[in-house]
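Q: I have a structure I would like to understand better, so I am pasting it below and will then ask my questions one at a time.
Just so it is clear, none of the values below were taken in a lab; they were calculated from the coordinates. Here the structure is a predicted model, which is why all the values come from computation and not from measurement. Heads up, the Cβs are rebuilt from the backbone with ideal geometry, glycines too, and the neighbour counts pull from every protein chain shown.
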Amino acid sequence: MHHKFRLVGLVGAMLGFLLAATPITAHHAIQAQFDQDRLATITGVMRRVMWINPHVRWFLDVEDENGDVTSWNISGSGPGAFRRVGISGRDVFVTGETYTATIALAKDGSDFGYIVSFILPDGRKIDLWHQYQSEG
């Protein structure tokens, strides 16, 4: 009888852990928030870079043909993932410079995207698509 209660307790603890972990994995499932089949390319002035965990953020001010400016919020992997492939925020992303970003659009239609690639002011391209695919 004692073993039966232990088994029930163990199963209950495992279920509790799995239920508690679900929101964590949902947060890190990039495909839950962004549509990898809907990519957009935007060009704008870098207004802010947040090189912090858990996700690097870039803010691009994009001007349309009427002169209206939309501030795009672009998310990426954490700083460590970028450092591992030789990308440092301070060296590559400078506020006031113009960048072109290809992003996976947010599913909710907001001005929010997940970075796929950047074209830097000097014309170099940084392809980050492999990171997007590996996080899903």
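Q: Any idea which residue in the range 84-124 is farthest from Arg47 (Cα to Cα), counting only those that are under 16 Å from the mean Cα position of the chain (by Cα) and acidic (Asp, Glu)?
A: Top of the filtered list is Asp108.
Q: Quick check on my filter: what residues within the range 47-93 are aliphatic (A, V, I, L, M), surrounded by 14 or more Cβ atoms within 10 Å (Cβ to Cβ) and outside any strand (DSSP E or B)?
A: Those that are aliphatic (A, V, I, L, M), surrounded by 14 or more Cβ atoms within 10 Å (Cβ to Cβ) and outside any strand (DSSP E or B): Val56, Ala81, Ile87, Val92.
Q: For the range 94-109, how many residues meet the condition of being over 20 Å from Gln31 (Cα atoms) and either polar (S, T, N, Q) or not in a strand (DSSP E or B) (or both)? Break it down stepwise before answering.
A: We begin by selecting, within the range 94-109, every residue over 20 Å from Gln31 (Cα atoms); these are 94-100.
Of the ones still in play, those that are also either polar (S, T, N, Q) or not in a strand (DSSP E or B) (or both) are 94-98, 100.
Final tally of qualifying residues: 6.
This table checks each residue for (1) in contact (Cβ under 8 Å) with a residue 24 or more places away in the chain; (2) touching a Ser or Thr at 6+ places or on another chain (Cβ under 6 Å); (3) within 19 Å of Gln33 (Cβ to Cβ).
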| residue | (1), (2), (3) |
| --- | --- |
| Val62 | no, yes, no |
| Ser71 | yes, no, yes |
| Ser77 | yes, no, yes |
| Arg83 | no, no, no |
| Ile87 | yes, no, no |
| Arg90 | yes, no, no |
| Thr102 | yes, yes, yes |
| Gly113 | yes, no, yes |
| Gly123 | no, no, no |
